[in-house]
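Please treat every number below as a calculation from the coordinates, not as lab data. Just so you know, these numbers come straight off a predicted model, no measurement behind them. So basically every Cβ, Gly included, is an ideal-geometry build from the backbone, and we count neighbours across all protein chains shown.
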Number of protein chains: 2
Amino acid sequence: MSTNDVRDPGDIRAVAIRARRAGRTLAALDGRGRAGVLSALADALADAGRRAALLAANARDMARAREEEARGKLDSARVRRLALSAGKLDALCDGLRQLAAAPELLGAPTLRRALDDGLLLERVPCPLGTLGVVFEARPDAVPQIAGLAIKTGNALLLKGGREALESNRALTALTREVLAARGLDPDAIALLEQREEIAAMLELDDCIDLVIARGSGSFVQYVQRSTKIPVLGHAEGLCHLYLHDDAAPELAARIAVDAKCSYPAACNAIETLLWAPGASAALEACARALLAEGVALRVCPQTRAALASLPGADALTPASAEDWRTEYGALVLSIRQVAGLDAALEHIEQHGSRHTEAIVTADDAAAERFLAEVDAAGVFHNASTRFADGYRYGLGAEVGISTGKLHARGPVGVEGLVTYRWLLRGHGQVASDYGPGKRAFLHRELP
Amino acid sequence: MSTNDVRDPGDIRAVAIRARRAGRTLAALDGRGRAGVLSALADALADAGRRAALLAANARDMARAREEEARGKLDSARVRRLALSAGKLDALCDGLRQLAAAPELLGAPTLRRALDDGLLLERVPCPLGTLGVVFEARPDAVPQIAGLAIKTGNALLLKGGREALESNRALTALTREVLAARGLDPDAIALLEQREEIAAMLELDDCIDLVIARGSGSFVQYVQRSTKIPVLGHAEGLCHLYLHDDAAPELAARIAVDAKCSYPAACNAIETLLWAPGASAALEACARALLAEGVALRVCPQTRAALASLPGADALTPASAEDWRTEYGALVLSIRQVAGLDAALEHIEQHGSRHTEAIVTADDAAAERFLAEVDAAGVFHNASTRFADGYRYGLGAEVGISTGKLHARGPVGVEGLVTYRWLLRGHGQVASDYGPGKRAFLHRELP
């Protein structure tokens, strides 16, 4: 197929149906079998000949991307993310071997209950079915996401950035070869190549069980609005740091700088600093450190007054109401004085995106109230919001971060790709034999 | 407020915001506190004076409903469901006391992990926030659903059938009084009274966390299409019974009759019977028993041929392709011969609604393949599909049945009304201190 062929929606449906069917060969393996596939994929990525071919495909993508960069059509961060290297491939191999060794999620019942003698109910974890994953320019995402799908017995439709097309093709082909070499149906993993094919995929709510959207907030919102399929992805990260009375100035400044500056585009970076009147020393320490890092500060009148004597105070600009609901994703921070804990909770309730919220204070009672009352996936005391991450939480491979509340919340590991079925084994029992005046259920838990 | 006042969408938003805020007073209680509220609600429902007032309100609803029934505007099944009685109120009291005694779901961490010394991560179950529940004519649903919300610390917006308005008002007022008497904000539970208010509620995806829709399939579908809020509700139950080789005729017939006839309108009733050529004796036993129960059979040509000599065979009508995708919800059953297990799996994959599927066979290997491969919330061997029910599964109070795969699948108990938050307590740690060449995470599990 040439780069320019766009398949029509019927073709994409056929791809999804083939994938769903082929995925059953993955699901039918036991944990050891799926671990074997993951190890074989790691071996293939470590193989010198295959590696040369992968790097050659990536070099062609890179050459095209550098041309586009020179013409101002692609930004350099995106070009950098596109590059594969021996080091990146080594890291991928390590990740796949770790995933192979991680605990098995499927098959072992999480509940066993005798409804009656000879009528056994089990709740058994199983794959979701078919995943649709749309991701950014990084081609190393292909083996990572394929690894997650293999671990959890799911079929996979992938759509990567157009800049990485040749790399993605080569990596997908390699993964499919590994499946075929182990007697599995390679159609369980398929690559979509054109942007138009995403829209076709999002229509397939009868074939695809979960869409994972990685990319900008606006892209994730487009995906969420365009499909009836459940979407795992965070469209927004509007996180706050609240300095309460007795916030230690140096500690507050360290946290504020890390939470704003270590990766401003991250969803777990802060956008607004709130401070109580009793935290003015901490506010000043934060403002001083943030200005030194080149952060543009947008402040309420009380904040401006409190910082009037600070060197660089002339660079402060007034915050508008719009600032309290803006995710800058850049070295910009809004700062607002609040009357105290209640007002901070109210501001966060009104403006937060329920991603991650943090308080800095030496007052443990206030901290515990903050931890108990803030409705967000992550609520932190005296720690940077940037810890909100699957790797840092120790979840192993991260599928994504969810700001939804159902199924999975916050950083999501492979257990987010698993559902369960209720299996019932009987000997001819019927429901109308049970009830008032008839047989009673045993409901006896079994080991 | 008179019966005819319709509040505008802004009013409904205000009701939802007040409920969300008030719900925090419920969420802030410990398990014992919430159990106390449930017991107090049971006491109030047992109180003779309050009971008389409730039954009087219900009598007014019943009088109006009987008039409508006489004019042919309301069917008698609906009128019957509307009636409250001392017996129903006693059963409600029992249910609430059982819920009070059931294990507490909130607060106790389900994971505790030291990310580093002095940096403690916990995953803590918490309420979803605010529930919107739209239900059918039965007024006894008000205290049932309010009980589930109280148990799980959630605020609640309720909308019941218009026939039950006075009963629902009286029951809601009683529940709110019980909340207020225990120092809680009664606005945590609010009743919507007009159909138009449902549409306004479904717009509030920033205030309401989960919608539970009970009612007809078409109503649930309307709700699902009309909101961005996650919906718990089953729009379809197209369940199959498959007779494989060596299906014992008498056992097959018992299951088929129970699965079709014990409550044909239920979502877990079967709509299609599939049979392998090796199960012709079982097919005949099933057809004979189903005809005796007055079930209309729509059959494929092979089935017609196999049943040609059966008394009553002249009543069989030909099945069309439409029959394989029809949820009759009535004493009608389609019957199709399939070549064997693979063809049965294929038919179910193509036409099933992923609710509940059953196989009848003495061949355990075939049964285990069926149990392993069918993608449905419930997969049964030698048992009626009608067991797919929260009460029969022993889940305690049932919130609903989910044919979705995320969050909760099949019958859903109170744990479906709970999510979790990640709490992190530190001493000034920042994420950029960790990583290659810097500090390593401990990730030590704690009890």
Item to check | Calculated Rg and Dmax of region B:208-324 using C-alpha coordinates, Å | outcome: 17.6, 59
Checklist entry - Tell me, in nm to one decimal, what length is gained between A:Y391 and A:S218 on full extension, where the rule is 0.36 nm per residue of separation less the Cα-Cα distance? => result 59.8 nm
Checklist entry - Taking neighbour Cβ counts within 10 Å as the exposure measure, how do B:D185, A:D116, A:D205 sort from fewest upward? => result A:D205, B:D185, A:D116
Item to check | Compactness index (Cα Rg / 2.2 N^0.38 Å), region B:134-279 | outcome: 1.40
Checklist entry - To one decimal place, what orientation-averaged projected area in nm² is obtained for the convex hull of the Cα set of region A:9-232? => result 13.9 nm²
Item to check | FRET efficiency for B:R60 and B:R182, using Cβ-Cβ distance with R0 set to 35 Å, rounded to 0.05 | outcome: 0.75
Checklist entry - For labels at B:A343 and B:K73 in the simple 7 Å Cα→Cβ model, what's the distance in nm? => result 5.3 nm
Item to check | Efficiency of FRET between B:E322 and A:E322 - r from beta-carbon atoms, R0 35 angstrom, step 0.05 | outcome: 0.05
Checklist outcome for this item: Note to self, chain B gives a 222 nm [θ] from helices alone (DSSP H runs n ≥ 4, -39500 (n - 2.57) apiece, / all residues, nearest 500) of -13000 deg cm²/dmol
Checklist outcome for this item: For B:R182, inter-copy label-point distances (7 Å, Cα→Cβ), nm, shortest first, read 5.3
Next on the checklist: Just to check, using Stokes-Einstein with a Kirkwood Rh over alpha carbon pairs, what's the diffusion coefficient of region B:239-391 at 37 °C and 0.692 mPa s in µm²/s?
Outcome noted: 222 µm²/s
Item to check | Charge dipole magnitude, Cβ of K and R +1, D and E -1 - region B:239-391, Cα centre, debye nearest 20 | outcome: 460 debye
Next on the checklist: Using each residue's phi in region B:313-329, evaluate 6.51 cos²θ - 1.76 cosθ + 1.60 at θ = phi - 60° and report the 3J(HN,Hα) Karplus result to the nearest Hz, with x for Gly and Pro.
Outcome noted: 4, 5, 7, 5, 10, x, 7, 9, 4, 4, 4, 5, 10, 10, 8, 5, x
Checklist entry - Mind checking the angle between helix B:364-373 and chain B's longest principal axis? C-alpha axes, 0 to 90 degrees, to the nearest 10. => result 50 degrees
Checklist outcome for this item: Given backbone amide H placed at 1.01 Å from N, residues whose amide H is under 5 Å from that of A:G129, ignoring those fewer than 5 places away on the same chain, are A:A155
Checklist entry - To the nearest 0.05, how large is the calculated FRET efficiency for A:R21 and B:A108 if R₀ is 41 Å and r is the Cβ-Cβ distance? => result 0.45
Item to check | Inter-label distance for B:E445 and B:D205, nm, one decimal - labels placed 7 Å from Cα along Cα-to-Cβ | outcome: 3.7 nm
Checklist entry - Dimensions of region A:317-447 along principal axes (Cα, Å, largest first)? => result 76, 35, 30
Checklist outcome for this item: Computed about the Cα centre, the charge dipole of the protein assembly as shown from +1 Lys/Arg and -1 Asp/Glu charges at the Cβ has a magnitude in debye, to the nearest 20, of 80 debye
Checklist outcome for this item: Taking N as the number of residues in region B:108-181, the ratio of its alpha carbon radius of gyration to 2.2 N^0.38 Å works out to 1.60
Checklist entry - To the nearest 10 degrees, how steep is helix B:280-292 against the longest Cα principal axis of chain B, on a 0 to 90 scale? => result 70 degrees
Checklist entry - Of the beta bridges DSSP finds with both residues in chain B, what % are antiparallel, to the nearest 5? => result 30 percent
Checklist entry - Between rounded, prolate and oblate, where does region A:1-60 land on the alpha carbon gyration tensor, with a ≥ b ≥ c its root eigenvalues, rounded for a/c under 1.5, else prolate if a/b exceeds b/c? => result oblate
Checklist entry - If you count, for every residue in B:14-26, the Cβ atoms of partner chains within 10 Å of its Cβ, what is the mean? => result 1
Checklist outcome for this item: In terms of the charge dipole of chain A, which places +1 on Lys and Arg and -1 on Asp and Glu at the beta carbon, the residue among A:G118, A:G217, A:A397 farthest towards the positive end is A:G118
Item to check | Cut-off under 5 Å, modelled amide H: who pairs with B:D116 long-range | outcome: B:L442, B:H443
Checklist outcome for this item: HN-Hα couplings for region A:424-437 via Karplus (6.51, -1.76, 1.60; θ = phi - 60°), in whole Hz with x for Gly/Pro, come out as 10, 10, x, 9, x, 5, 10, 5, 6, 6, 10, x, x, x
Checklist entry - Which whole number gives the average count of other chain Cβ atoms within 10 Å of the Cβ atoms across peptide B:174-187? => result 0
Item to check | Cα-centre dipole for region B:9-232 with unit charges at Cβ (Lys and Arg positive, Asp and Glu negative), debye to 20 | outcome: 320 debye
Checklist outcome for this item: Charge dipole of chain A built from unit charges on the beta carbon (Lys, Arg +1; Asp, Glu -1), centred at mean Cα; most positive-end Cα among A:C267, A:H381, A:S167 is A:S167
Next on the checklist: Please report the spacing between the Cα centers of region A:368-420 and region A:224-282 in Å, no decimals.
Outcome noted: 14 Å
Item to check | Residue among A:T25, A:M201, A:V133 farthest towards the positive dipole end of chain A, charges placed on Cβ | outcome: A:T25
Checklist outcome for this item: With a 28 Å threshold on alpha-carbon distance, the violating pairs from A:K88/A:K159; A:K73/A:K228; A:K88/B:K228 are A:K73/A:K228; A:K88/B:K228
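Compute the whole-percent fraction of alpha carbon pairs in chain A spaced more than 29 Å apart.
56 percent
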Item to check | Simple spin-label estimate for B:Y263 and B:E415 in nanometres, 7 Å along Cα-Cβ | outcome: 2.3 nm
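Just need the Rg to Rh number for region A:282-331, please, alpha carbons only, Kirkwood Rh. Let's see the in-between values first.
Numbers: Rg = 10.7 Å, Rh = 11.3 Å.
Rounded to two decimals, Rg over Rh is 0.94.
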Checklist outcome for this item: If B:F135, B:F380, A:F441, A:F370 are placed from fewest to most neighbouring beta carbons inside 10 Å, the sequence is A:F441, B:F135, A:F370, B:F380
Item to check | Sequence-distant residues sharing a close amide H with B:I212 (under 5 Å, placed H) | outcome: B:G132, B:V133, B:V134, B:L232
Checklist entry - So what J values fall out for region A:181-187 if you push phi through Karplus, 6.51 cos²θ - 1.76 cosθ + 1.60 with θ = phi - 60°, rounded to Hz, Gly and Pro as x? => result 5, 9, x, 9, 6, x, 5
Checklist entry - Using alpha-carbon positions, what is the distance between the centroids of region B:201-219 and region A:100-130, in Å? => result 30 Å
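So for the protein assembly as shown, what are the equivalent ellipsoid semi-axes in whole Å, largest first, each being the square root of 5 times an eigenvalue of the Cα gyration tensor?
That gives 48, 39, 23 Å for the three semi-axes.
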Item to check | Acute angle (nearest 10 degrees) that the helix B:141-151 long axis makes with the longest principal axis of chain B, alpha-carbon atoms | outcome: 50 degrees
